[in-house]
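The structure under discussion appears below in the form of structure tokens.
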Amino acid sequence: MLKEHCSGWAAAFSRERDAIERALAPGPCELHHIGSTAVPGLIAKPVIDILLVVPAIGALNDTAVTALGYVARGEYGIPGRRYFVRRTGEALDVHLHAFAQGDRHVRHHLAFRDLLRRSETSRARYAAAKRAALQRSGGDKATYQSLKSPVVIELLAEALQSPLPG
């Protein structure tokens, strides 16, 4: 189910970020709000996607993450990723995607998010693709992902041509 953007998603990310930082302290890490809930004005499934960047994926303390209520799902189809999911009491899922610093997926996630934040045209195009995919998928998650994939690939290519902010 897609919902209109909710300003509370940023606060939900901040709470999760703070908890994860405390759990992984004193280890160095970066946490970024990614996915559609990180883009003001974009429709989204109520899922807070968090990108966790660590110096080495093998050194990530899975036990510290699962102690926060996350369920470890391994790489979940993306080599080099550690993937965790958590259901909050707010009927809001949290997906934690952990990668090593320098992994290409880090750049891809941030570039895609930043393109959607700065380009109203790209944001509208992605929203239209999401709506159409949802309507045609019959609620099947894999079909939904597959149907919106061509637009995601095109937008990612555009995003990667632009320099990352900062």
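Here are some notes:
- Close contacts from the stretch 26-48, counting a first residue that is free of Cβ contacts under 8 Å to residues at least 40 places away in the same chain and among the hydroxyl-bearing types (S, T, Y) and a second that is assigned to a strand (DSSP E or B) and open to solvent by less than 10 Å² (accessible area, probe 1.4 Å), with Cβ to Cβ under 6 Å and a gap of 6+ residues or different chains, come to T37/A44; T37/I48.
- Scanning the stretch 37-54 for residues being closer than 14 Å to V94 by Cβ, open to solvent by 20 Å² or more (accessible area, probe 1.4 Å) and outside any strand (DSSP E or B) gives a total of 2.
- Flag for G139 being assigned to a loop (DSSP other than H, G, I, E, B) and either at positive phi or open to solvent by less than 20 Å² (accessible area, probe 1.4 Å) (or both): yes
- Picking from residues in the stretch 142-153 that are within 16 Å of the chain's Cα centre (by Cα) and aliphatic (A, V, I, L, M), the one that is surrounded by the most Cβ atoms within 10 Å (Cβ to Cβ) is V152.
- The one condition from (1) assigned to a strand (DSSP E or B); (2) open to solvent by less than 20 Å² (accessible area, probe 1.4 Å) that H95 does not meet is (2).
- Residue among L147, L160 that alone is assigned to a helix (DSSP H, G or I) and closer than 18 Å to H108 by Cβ: L160
- Candidates are the residues of the stretch 12-33 that are out of contact with any strand residue (DSSP E or B) (no Cβ under 8 Å at 6 or more places or on another chain) and farther than 18 Å from A56 by Cβ; the one that is surrounded by the most Cβ atoms within 10 Å (Cβ to Cβ) is A19.
- Residue among L156, L116, L160 that alone is crowded, with 20+ Cβ neighbours inside 10 Å and either under 23 Å from G74 (Cβ atoms) or of a type in the set (A, V, I, L, M) (or both): L116
- Selection of the stretch 98-112 for residues being of a type outside the set (G, A, S) and open to solvent by 30 Å² or more (accessible area, probe 1.4 Å) yields Q101, D103, R104, H105, R107, H108, H109, F112.
- All positions within the stretch 88-106 that are modelled with pLDDT under 95 and within 15 Å of the chain's Cα centre (by Cα): L92, D93
- The residues of the stretch 55-64 that are open to solvent by 60 Å² or more (accessible area, probe 1.4 Å) and either of a type in the set (D, E) or touching a Pro at 6+ places or on another chain (Cβ under 7 Å) (or both) amount to a single one, P55.
- Of all residues in the stretch 65-92, those being open to solvent by less than 50 Å² (accessible area, probe 1.4 Å), in contact (Cβ under 8 Å) with a residue 24 or more places away in the chain and of a type in the set (A, V, I, L, M) number 3.
- Filter result for A127 (part of a helix (DSSP H, G or I), open to solvent by less than 30 Å² (accessible area, probe 1.4 Å), closer than 17 Å to K45 by Cα and of a type in the set (G, A, S)): yes
The values are calculated or read from the model by the stated rules, or taken from the named source; none is laboratory data. If you're wondering where the values come from, they're calculated on a predicted model, not measured in any experiment. In this analysis, Cβ positions are derived from the backbone assuming ideal geometry, glycine residues included, and neighbour counts consider all displayed protein chains. Protein only, heavy atoms only, side chains kept; ligands, DNA and RNA dropped before computing areas. Shrake-Rupley method; radii C 1.70, N 1.55, O 1.52, S 1.80 Å.
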